[in-house]
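Peer 1: Here it is: the structure, laid out below.
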Amino acid sequence: MNPSKRRTVIAGNWKMNFTPAEATAFINEVKPLVAGKNNCDVIFCAPYVTIAAAQEAAKGSDIKIGAENVHFAEKGAYTGEVSAQMLTACGVEYVIIGHSERRQYFGETDETVNLRTKAALAAGMKVILCLGEVKDERLNGITNEVVSMQTKLDLKDVSAEQMKNVIIAYEPVWAIGTGLTATPEQAEETCGVIRDVLTSMYGAEVAEGVTIQYGGSMNEKNAAELLAKPNVDGGLIGGASLVAEKFKAIVDAAQ
Ligand code: PGA
């Protein structure tokens with residue numbers, strides 16, 4: 001973290017978990033646990049049908065509720081999709097884009113990630129853009145090339161001004177939901193590579209201001225070490241965001 005330069009952001013990614021009633025109960029449980037922890041922003045990204053209940057439960061707290069995906073068109077014949085205009089009409093400010101599960105199971109490419117990112121930003125949303133290498137890419141020593149390419153393609157035609165509304169989540173795919181975590185050194189190195197690419201695209205001042213999270217089996221035990229690294233500005237948390245005490249411990253580690 002480097003709080004003098006950029007916000008620390010701890011975001012939960014609930015994935016396909018929690019009914020509205022379960023989300024209400026969870027937010028009510030976690031709300032007092034993270035109250036007053038003002039050194040970081042706290043966000044939970046929820047399934048579309050759960051967002052309203054989570055927002056209602058989060059009222060009166062600093063917790064923000066986001067979505068897990070967004071389509072790039074404003075409206076039209078895209079069965080099953082939801083637009084940025086629909087999300088903002090529901091008071092949703094944050095959205096995850098390009099999560100590896102979307103890329104892996106739902107055919108998401110850097111091109112569609114870029115389209116979704118531009119649409120969300122144009123609608124005034126804040127984007128948590130996910131990228132990261134798969135296991136073979138790390139083993140073959142091409143992690144830096146992969147994340148550099150993703151950063152460039154996913155942010156194509158995104159302006160320096162719009163970068164104020166972009167958070168990048170570096171998520172090595174081999175670490176997601178596997179219990180394997182990148183070492184703090186690996187996380188720092190790769191987040192640093194991403195920041196170097198941002199510097200080449202937008203200049204140092206913009207790049208230094210971008211929050212770059214680490215994601216991939218971040219939990220209550222490893223969060224402090226990861227967050228101690230200067231280029232790791234927060235976490236995108238899957239499994240541990242479903243357990244209030246674990247999530248609280250991660251937020252504590254960011255204080
Ligand atoms: P995990 O998920 O913390 O369960 O590994 C992280 C993510 O997918 O964002």
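The values are calculated or read from the model by the stated rules, or taken from the named source; none is laboratory data. What you see is a predicted model, and the numbers here were worked out from it, not measured in a lab. No Cβ is skipped: glycine too gets one built from the backbone with ideal geometry, and neighbour counts run over all protein chains shown. Note: areas computed on protein heavy atoms with side chains; ligands, DNA, RNA excluded. Shrake-Rupley method; radii C 1.70, N 1.55, O 1.52, S 1.80 Å.
Peer 1: Would the chain count as rounded, prolate or oblate if I go by the C-alpha gyration tensor, calling it rounded below 1.5 in a/c and otherwise prolate when a/b exceeds b/c, oblate otherwise?
Peer 2: Working: a/c = 1.43, a/b = 1.10, b/c = 1.30.
Because its axes are fairly even, with a/c under 1.5, the chain counts as rounded.
Peer 1: With 22 Å as the limit, write out which pairs from Lys126/Lys246; Lys59/Lys126; Lys156/Lys229; Lys15/Lys64 have Cα-Cα distances beyond it, or answer none. Spell out each step's value before the answer.
Peer 2: Numbers: Lys126/Lys246 25 Å; Lys59/Lys126 19 Å; Lys156/Lys229 28 Å; Lys15/Lys64 16 Å.
Beyond 22 Å between Cα atoms: Lys126/Lys246; Lys156/Lys229.
Peer 1: In nm, give the distance between the simple-model label positions of Tyr48 and Lys221, each being 7 Å from the Cα along the Cα-to-Cβ direction.
Peer 2: Computed distance between label sites Tyr48 and Lys221 equals 3.8 nm.
Peer 1: Under the Karplus relation 6.51 cos²θ - 1.76 cosθ + 1.60, θ = phi - 60°, what is the ordered set of whole-Hz ³J(HN,Hα) values for the stretch 4-12, x standing for Gly and Pro?
Peer 2: 6, 9, 7, 6, 8, 10, 9, 10, x
Peer 1: Okay, moving on. Could you give the distance between the Cα centres of the stretch 57-74 and the stretch 178-224, to the whole Å?
Peer 2: 23
Peer 1: Give the carbon-plus-sulfur fraction of the accessible surface of the chain in %, rounded to a whole number; probe 1.4 Å, heavy atoms of protein chains only.
Peer 2: Of the solvent-accessible surface of the chain, carbon and sulfur hold 54 percent.
Peer 1: Then there's this: Jot down the radius of gyration and Dmax of the stretch 111-169, Cα atoms only, both in angstrom.
Peer 2: 12.5, 39
Peer 1: How many percent of all Cα-Cα pairs in the stretch 107-255 sit more than 27 Å apart?
Peer 2: Values: 2166 of 11026 pairs.
Counting every Cα pair in the stretch 107-255, those more than 27 Å apart make up 20 percent.
Peer 1: If r is the Cβ-Cβ distance from Leu180 to Lys156 and R0 is 25 Å, what FRET efficiency results, to the nearest 0.05?
Peer 2: Values: r = 31 Å, r/R0 = 1.23.
The calculated FRET efficiency here is 0.20.
Peer 1: How much mean residue ellipticity at 222 nm does the chain get from its helices, if each DSSP H run of length 4 or more adds -39500 (n - 2.57) and you divide by all residues, to the nearest 500 deg cm²/dmol? Before the final figure, lay out the partial values.
Peer 2: Numbers: 11 runs with 105 residues, N = 255.
Roughly -12000 deg cm²/dmol at 222 nm, from the helical runs in the chain.
Peer 1: Show the residues, 5+ positions off or on another chain, whose built amide H is closer than 5 Å to the amide H of Ala169.
Peer 2: Placed amide hydrogens put Leu129, Cys130, Leu131, Gln213 under 5 Å from Ala169.
Peer 1: For the stretch 1-141, state the average projected area of the convex hull of the C-alpha atoms over all orientations, rounded to one decimal in nm². Let's see the in-between values first.
Peer 2: Details: hull surface 41.4 nm².
Taking the Cα atoms of the stretch 1-141, their convex hull projects to 10.3 nm² on average.
Peer 1: Under a point spin-label approximation (7 Å from Cα along Cα-to-Cβ), what is the Glu245-Thr88 distance to one decimal in nm?
Peer 2: Each label point is offset 7 Å from its Cα along the Cβ direction, giving 4.2 nm.
Peer 1: Compute the accessible area per residue over the chain, keeping the other protein chains in place, probe 1.4 Å, unit Å².
Peer 2: Spelled out: the 1.4 Å probe surface of the chain, per residue, equals 43 Å².
Peer 1: Can you give the net charge of the other residues whose Cβ lies under 11 Å from the Cβ of Ser83, counting K and R as +1 and D and E as -1? Don't skip to the end; give the middle numbers.
Peer 2: On the way: positive: Lys75, Arg116; negative: Glu74, Glu81.
Taking every Cβ under 11 Å from that of Ser83, the sum is 0.
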